[in-house]
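Engineer: Can you keep this structure in mind? I'll have questions shortly.
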Amino acid sequence: MTISIQPTLENGRIKLIPLTNDDFEGLFNVASDPEIWIQHPNRDRWKREVFKAFFNEAINSKGAFKIIDNSTGEIAGSTRFYDYNNAENSIFIGYTFYATKYWGTGMNPIVKKLMMDYIFQQVDKVYFHVGSTNLRSQMALSKIGAKKVAEQDSAKPGEASNLKFVYQIEK
């Protein structure tokens with residue numbers, strides 16, 4: 001089955017627009033705040049060269065979005081669909097980050113709901129990876145009904161251990 005993982009999605013508060021190369025500077029302006037990455041395994045993602053690699057990965061995924069705040073037109077952050085599993089009919093949502101001004105505003109559950117309302121038309125399960133030290137994201141996922149189902153070490157060869165938790169929501 002072929003699924004579409006990069007449509008434009010919108011509700012009253014936000015718009016998810018497929019990420020393009022032209023979005024680098026605008027998104028980097030958001031991502032260049034070191035506070036965003038404090039609980040993240042890649043704490044230096046606020047640096048231009050580190051973020052550029054992350055951004056290129058997002059573009060190549062063909063499932064990444066910039067998140068637009070409809071009330072201001074500002075880029076609020078980014079998120080993506082990734083790792084579709086045909087056999088399990090599942091997909092991951094993740095790599096999500098927001099400008100700190102959007103923390104605690106209810107934007108994350110709105111974004112996740114919009115994404116899940118769309119993708120559950122095509123899959124049966126949605127998974128999320130969260131760094132083991134990222135308590136903010138773990139709490140956010142629990143609030144939307146996700147359950148922790150696994151732990152994975154996702155370190156690349158030659159890197160330190162990078163423990164991630166896997167959360168799941170079923171259709």
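The values are calculated or read from the model by the stated rules, or taken from the named source; none is laboratory data. This structure is a prediction, so every number in the text was calculated from the model and none was measured. Positions of Cβ are generated from backbone atoms using ideal geometry, with glycine treated the same way; all protein chains shown enter the neighbour counts. SASA here: full protein model, heavy atoms, side chains in, ligands and nucleic acids out. Shrake-Rupley method; radii C 1.70, N 1.55, O 1.52, S 1.80 Å.
Engineer: Please enumerate the residues belonging to region 62-72 that are open to solvent by less than 50 Å² (accessible area, probe 1.4 Å) and farther than 19 Å from SER154 by Cβ.
Structural biologist: PHE65, LYS66, ILE67, ILE68, ASP69, listed by residue number.
Engineer: Among residues belonging to region 80-115 that are farther than 16 Å from ALA146 by Cα and among the small types (Gly, Ala, Ser), point out the one that is surrounded by the most Cβ atoms within 10 Å (Cβ to Cβ).
Structural biologist: ALA99
Engineer: Filter region 4-14 for residues that are within 20 Å of GLN122 (Cβ to Cβ) and in contact (Cβ under 8 Å) with a residue 24 or more places away in the chain; which is most open to solvent (accessible area, probe 1.4 Å)?
Structural biologist: Applying the filter and picking the extreme gives GLU10.
Rundown of residues vs (1) assigned to a loop (DSSP other than H, G, I, E, B); (2) at positive phi; (3) open to solvent by less than 40 Å² (accessible area, probe 1.4 Å), yes/no style:
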residue	(1), (2), (3)
ASP117	no, no, no
GLN121	yes, no, no
VAL126	no, no, yes
HIS129	no, no, no
ARG136	no, no, no
MET139	no, no, no
SER142	no, no, no
VAL149	no, no, no
GLN152	no, no, no
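A quick yes/no check of all residues on (1) farther than 21 Å from SER132 by Cβ; (2) in contact with a Lys or Arg (Cβ under 8 Å, 6 or more places away or on another chain):
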position	(1), (2)
THR20	yes, no
GLU35	no, no
GLN39	no, yes
ASN42	no, no
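Engineer: Tell me, yes or no, whether region 31-48 has at least one residue that is modelled with pLDDT of 95 or more and open to solvent by less than 10 Å² (accessible area, probe 1.4 Å).
Structural biologist: So far as region 31-48 goes, yes, one or more of its residues are modelled with pLDDT of 95 or more and open to solvent by less than 10 Å² (accessible area, probe 1.4 Å).
Engineer: Take ILE59 and tell me if it is touching a Pro at 6+ places or on another chain (Cβ under 6 Å), open to solvent by 20 Å² or more (accessible area, probe 1.4 Å) and touching a residue at least 24 places away in the same chain (Cβ under 8 Å).
Structural biologist: So ILE59 fails the test.
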